[in-house]
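A short reminder: the numbers here are calculations on the coordinates, not readings from a lab. Computed from a predicted structure; not experimentally measured. Here Cβ is always computed from backbone atoms with ideal geometry, including for glycine, and neighbour counts include all displayed protein chains.
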Amino acid sequence: MRWRARARRRPDRVTAMKGRTPVVTGAVSIRPLAAADAVAYKALRDEALRTAPDAFTSDYESSVGRDASEYVARFGALESGQFFLGAFDATGQLIGCLGCEREQRTKQRHCAVVVGMMVAPRAQRQGIGQQLIADCVEAARRVPGLTQLVLTVTASNTHVVQLYERAGFRAWGLLPNAIVVDGVGFDKLHMVRVLHH
Ligand SMILES: CC(C)(COP(=O)(O)OP(=O)(O)OC[C@H]1O[C@@H](n2cnc3c(N)ncnc32)[C@H](O)[C@@H]1OP(=O)(O)O)[C@@H](O)C(=O)NCCC(=O)NCCS
């Protein structure tokens, strides 16, 4: 199933943007990624891993050499609970994404893990991340038997934590020193979002 959603535009922010230059103009559409999007997805992902290394558990050096086709298995149908959503600008360029990976074991199939939230630097602070997580929650709510979403976020990235809290996630634990980047340890906050069907 393919669907489109228009990212919540905030015209006041697009024109004023607190002094920042608006770089994404026109409608933003959000839809599930498909095999044909793999190359664009890899480019967006590699750039995010390179520019925000403390935000992700994967690292740029191990990822940049991977073939784009390796990611296609992530792009399932919405109803499977195994999908990636992509945000596209008016020219059709991929500018953001977010994944949902349903647990496969019987006792965990009611859970899915939200992964790989990223928005291209030029498109940030325009509401796209917030719309991606809102659409993910909405899609997950429609998956039969899926009752909760979980994720981890680097605790010091408080703006990202707040973004998830706004989408209904709540923190339930903290893993100290969960990832080490260039010798520096970062704690990961564990969050859960109960889905009401
Ligand atoms: C996190 C990320 C996906 C957010 O995407 P985005 O499209 O910029 O987010 P939004 O525009 O929807 O922001 C929603 C709110 O989050 C907060 N926020 C987002 N980015 C922020 C920033 N750099 N500084 C402060 N607050 C920020 C703000 O409260 C914002 O609302 P506001 O603009 O009305 O103040 C993006 O910053 C990104 O790709 N970061 C690098 C990778 C990353 O950290 N991924 C998360 C992994 S868990």
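Of the numbered criteria (1) more than 8 Å from the ligand (Cβ to nearest atom); (2) at positive phi; (3) not acidic (Asp, Glu), the one His110 fails is (2).
On inspection, Leu85 passes the criterion of being more than 8 Å from the ligand (Cβ to nearest atom) and of a type in the set (A, V, I, L, M). Scanning segment 24-62 for residues that are among the β-branched types (Val, Ile, Thr) and crowded, with 16+ Cβ neighbours inside 10 Å gives Val24, Val28, Ile30. The requirement of being farther than 14 Å from Ala55 by Cα, in contact with a Phe, Trp or Tyr (Cβ under 8 Å, 6 or more places away or on another chain) and crowded, with 19+ Cβ neighbours inside 10 Å is not satisfied by Phe169. Scanning segment 119-136 for residues that are more than 6 Å from the ligand (Cβ to nearest atom) and buried (at least 18 other Cβ atoms within 10 Å of the Cβ) yields Ala120, Ala123, Gln131, Leu132, Ile133, Ala134, Asp135, Cys136.
I need the full set of residues from segment 76-90 which are among the hydrophobic types (A, V, I, L, M, F, W, C) and surrounded by fewer than 20 Cβ atoms within 10 Å (Cβ to Cβ), in order please. Talk me through it step by step, then tell me what you get.
Of segment 76-90, the ones among the hydrophobic types (A, V, I, L, M, F, W, C) are 77-78, 83-85, 87-88, 90.
Passing the criteria: Ala77, Ala90.
Considering every residue within segment 138-145, establish whether at least one is crowded, with 19+ Cβ neighbours inside 10 Å, within 13 Å of the ligand (Cβ to nearest atom) and more than 20 Å from Ala36 (Cβ to Cβ). No: segment 138-145 contains no residue that is crowded, with 19+ Cβ neighbours inside 10 Å, within 13 Å of the ligand (Cβ to nearest atom) and more than 20 Å from Ala36 (Cβ to Cβ). Checking segment 110-118 against the condition returns a match, with at least one residue being out of contact with any Lys or Arg (no Cβ under 9 Å at 6 or more places or on another chain), in contact (Cβ under 8 Å) with a residue 40 or more places away in the chain and surrounded by 14 or more Cβ atoms within 10 Å (Cβ to Cβ).
For residues in segment 154-164 being free of Cβ contacts under 8 Å to residues at least 60 places away in the same chain and surrounded by 15 or more Cβ atoms within 10 Å (Cβ to Cβ), which is farthest from the chain's Cα centre (by Cα)? Working first, answer last.
Step one: of segment 154-164, the residues free of Cβ contacts under 8 Å to residues at least 60 places away in the same chain are 155, 158-159, 161-164.
Still in the running and surrounded by 15 or more Cβ atoms within 10 Å (Cβ to Cβ): 155, 161, 163-164.
On the way: Ala155: 16, Val161: 13, Leu163: 11, Tyr164: 10 Å.
Among those residues, the one meeting the criterion is Ala155.
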